[in-house]
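Engineer: Have a look at this one before I ask anything.
The values are calculated or read from the model by the stated rules, or taken from the named source; none is laboratory data. Keep in mind the model is a prediction, meaning the values are calculated, not measured. Counting neighbours? That spans all protein chains shown, and the Cβs are built from the backbone with ideal geometry, glycine included. Note: accessible area is taken over every heavy atom of the protein model, side chains too, but ligands, DNA and RNA are not part of it. Shrake-Rupley method; radii C 1.70, N 1.55, O 1.52, S 1.80 Å.
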Amino acid sequence: MDHRQLRDNIHNFSLDDCARGNQGYNRVLLQIFGYTGHGKSSLINSCKYSLEEDGGFIEHAVAGDNYYGTTTIRKAYELTGNITMVDNRGYNTMDGFQRAEVYAQLGNFIPVGEKVVWKDNYTDMMTSVERSEMDPNYTDFIVPVLVYSARDGPAEQKMPKLKTFISNCIEMTGVAPIIVLTNKTSGDYLEMEKKFKLIGAETVIAVENYTKERWIKTLGRTTDFLMFINGAIKQVKFRMEQTRNPREERVQRKIFLLQYIHEADKKKDKEKRERETCQEVVNSRKGVWGWYNWVLRR
């Protein structure tokens, strides 16, 4: 399909037209995740800009400079009446409870429009999950999207965590996350594509985001963004060929999240005990050396 056909396909898409109808879903939610400053907000701006045939570039989602993210509130940006992109809070380390918070966003256990605060303890995480039950959201068909800057390079130390994230996205949503490599002209995106394929990625798309400084539309750049959105639609249509139960799937996402929070809490307690043990050893050695020095002074 050329860019016009791609654009029409996106605008005409409806969950009602899937093989088994909408099965209780009312919109597709493209959940955007990634490290801070890797281009999540700029990707949203670029997708909205590429879908418009006329009009100038508008910065709907405020993008951060370099590697300093600005998004702390989950914000939704409508592409069409049936497809919405959500800009989730970017992460730095993606460890422990911070990673649990990422999965809480992925599973829609933090409402759109709510500020995401990195929690560091079991009680706060559980309270947040239970509050989400006051108005549960189970009608969004979730498509995970992982944004990674090609400018950042292969970053071997991050790959194990990204591999786990890809696997958990599939477990939580039933959909393999789409990998979007931003800043394609500033790094070796072909090498990055291979790295992601080796850790389980199925779809990898490289793009060069439109910005206030580089806003002139080109056929290649526009087509890349339209192909990304169409790739998400293909994922949805494939999964909707099978029988789905939105309410039951939300229950399963909650079970996964609760188990993850429990494991994160156990790991934190273990690390705390190890630190305390090390400190006790250090203190005991200080005591021995103090006694030895006292004897020498006598």
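Engineer: May I ask you to give the percent of accessible area on the stretch 1-49 that is carbon plus sulfur, with a probe radius of 1.4 Å? Walk me through the numbers before you get to the answer.
Structural biologist: On the way: 660 of 1840 Å².
After summing per-atom areas, the C and S share lands at 36 percent.
Engineer: Cut-off 10 angstrom, C-alpha nodes, Gaussian network model of the chain. Which of Leu30, Leu43, Leu219 fluctuates the most?
Structural biologist: Leu219
Engineer: Which residue, Thr211, Thr36, Thr185, has the most motion in a Gaussian network model of the chain that connects Cα atoms within less than 10 Å?
Structural biologist: Its mean-square fluctuation being the largest, the pick is Thr185.
Engineer: Non-local amide H neighbours of Thr203 (under 5 Å, H modeled in plane, Pro and chain starts lacking H): which ones?
Structural biologist: Correct list: Ile179.
Engineer: Kindly provide the helix-only [θ] at 222 nm of the chain, computed as the sum of -39,500 (n - 2.57) over DSSP H runs of four or more divided by all residues, to the nearest 500 deg cm²/dmol?
Structural biologist: Numbers: 8 runs with 141 residues, N = 298.
The per-residue figure over the chain is -16000 deg cm²/dmol.
Engineer: Report the trypsin sites (Lys or Arg not before Pro) located in the stretch 1-32 that are in a DSSP loop and have at most 15 other Cβ atoms inside 10 Å of their Cβ, or state none.
Structural biologist: Numbers: sites: Arg4, Arg7, Arg20, Arg27; in loops: Arg20.
Passing sites in the stretch 1-32 are Arg20.
Engineer: Once R0 is set to 35 Å, what does the formula 1/(1 + (r/R0)^6) return for the Cβ-Cβ distance between Gln23 and Arg273, expressed as a FRET efficiency to the nearest 0.05? Don't skip to the answer; put the middle values down first.
Structural biologist: Details: r = 47 Å, r/R0 = 1.34.
Efficiency computed from Cβ-Cβ geometry: 0.15.
Engineer: In addition: Take the solvent-accessible surface of the protein heavy atoms, probe 1.4 Å, and return the percent of it on the stretch 109-209 that carbon and sulfur atoms account for.
Structural biologist: Details: 2240 of 4530 Å².
Looking at the stretch 109-209 in its full context, I get 49 percent from C and S.
Engineer: Rounded, prolate or oblate: which fits the stretch 97-161 when a ≥ b ≥ c are the square roots of the eigenvalues of the alpha-carbon gyration tensor, with rounded for a/c under 1.5 and prolate only if a/b beats b/c?
Structural biologist: Working: a/c = 2.87, a/b = 1.63, b/c = 1.76.
Because a/c hits 1.5 or more and a/b fails to exceed b/c, the stretch 97-161 counts as oblate.
Engineer: For the chain, what proportion of DSSP beta bridges, expressed in % and rounded to the nearest 5, is antiparallel?
Structural biologist: Details: 5 of 28 bridges.
Taking every DSSP beta bridge within the chain, about 20 percent pair in antiparallel fashion.
Engineer: Mind checking the per residue accessible area of the stretch 121-219 for me, 1.4 Å probe, whole number of Å²? Present the calculation step by step, with values, prior to reporting the outcome.
Structural biologist: Numbers: 4760 Å² over 99 residues.
Each residue of the stretch 121-219 exposes 48 Å² on average to a 1.4 Å probe.
Engineer: Would you mind telling me which residue in Asn45, Asn92, Asn283 has the biggest mean-square fluctuation in a Gaussian network model of the chain, where springs connect alpha carbons within a distance under 10 angstrom?
Structural biologist: The residue that fluctuates most here is Asn283.
Engineer: Here's another thing I want to ask about it. With the full set of protein chains in place, find how many percent of the accessible area of the stretch 212-264 is carbon and sulfur; take the probe as 1.4 Å. Spell out each step's value before the answer.
Structural biologist: Values: 1780 of 3010 Å².
Result for the stretch 212-264: 59 percent of the exposed heavy-atom area is carbon or sulfur.
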